[in-house]
Amino acid sequence: MNRLLSIICLVIPLSLSAQEKHITSTKMLGVGYCGVQDTYLSPEHYGGMEIRYLSHTERERAEAPQDSLASQEGRRGRERWTRLIINEGNFAYGKSRSKNGATLSGAYHFQYGVLRKWTFLADRLTLKGGAQAEFIGGFIYNTRNGNNPAQARALIDIGPVVMAKYILKGGTAEGKGRIAVAYEASCPLFGLTFSPNYGQSYYEIFNEGNYDRNIVPTTIVSMPSLRQQLTFTFCLSRTNLSVGYLGDYRQLQVNNLKQHVYSSMLMVGMTHSFYAGRRRL
């Protein structure tokens with residue numbers, strides 16, 4: 001009986017540890033410039049201020065029980081796969097160059113990716129690469145238009161995503177004194193988007209049911225876009241602060257209409273890294 005109890009006590013922690021996850025969560029707020037043009041609403045370009053909230057989470061499976069923070073650092077090289085989850089919300093207000101018109105725009109952005117991880121230089125350099133799927137839903141509203149004052153944004157796409165992280169300065173096992181720089185980039189290769197056709201009103205689409213190629217396949221040619229982020233993370237009084245730049249450049253040309261939304265943001269926030277068990281056998 002004692003031997004059986006010993007085996008059970010050994011197996012249960014191993015089963016729980018197989019479900020442990022290393023989670024790195026970053027929450028950031030940003031402010032910056034946003035340039036908007038949508039030829040369905042107006043050929044004019046509008047520019048102004050944008051505010052953005054970003055939730056960035058990386059999840060990696062841990063392979064063994066973690067006895068201390070130091071051992072956690074030593075085992076990260078064996079966590080080979082990363083799940084990336086991004087939630088973003090933004091709102092922008094811009095004026096035309098003549099200052100006689102304005103646009104209001106906003107969007108929600110969700111991104112889910114799976115990446116392979118490689119480590120170099122005694123784990124100081126980490127490279128990740130994989131694929132991601134994303135959804136963007138939002139609107140653009142033009143204050144000057146009487147008919148068709150708003151344009152909906154709805155798209156899904158799939159494309160590559162890459163990440164790189166380098167530890168500029170090491171620190172203690174608790175992370176004190178550490179300084180790290182990280183870069184991330186992604187772009188859509190193909191997907192689907194909603195768009196009215198040239199000269200078609202939303203009344204025709206939704207009230208009269210006149211479909212005119214309103215769900216359009218997209219490729220990197222019709223939707224050349226890039227999202228990139230550069231972040232510095234450092235520990236200050238036991239808090240991991242993150243400061244960086246976010247560039248989100250979206251372009252779309254379908255149904256004889258053109259649209260672009262360019263965002264350049266200064267981002268500030270906090271990063272929290274920990275191990276968590278799912279507590280399920």
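Every read-out reported here was derived from the displayed coordinates using simple, explicitly stated rules and does not represent laboratory data. Quick caveat, the model's predicted, so the values are computed rather than measured. Positions of Cβ are generated from backbone atoms using ideal geometry, with glycine treated the same way; all protein chains shown enter the neighbour counts.
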Need one number: the % of Cα-Cα pairs in the stretch 115-242 sitting beyond the 26 Å mark.
48 percent
Straight-distance crosslink candidates among lysines, where the alpha carbon sits under 23 Å from LYS21 and sequence neighbours closer than 8 are dropped:
LYS117, LYS128, LYS165, LYS176
How much net charge surrounds TYR33 when only the other residues with a Cβ under 15 Å from the Cβ of TYR33 are counted, with Lys and Arg +1 and Asp and Glu -1?
+2
Relative contact order (percent, whole number), the stretch 136-248, Cα cutoff 8 Å, 6+ residue spacing:
23 percent
In the stretch 142-236, the GluC sites (Glu not before Pro) that sit in a DSSP loop and have at most 16 other Cβ atoms within 10 Å of their own Cβ are GLU174, GLU208
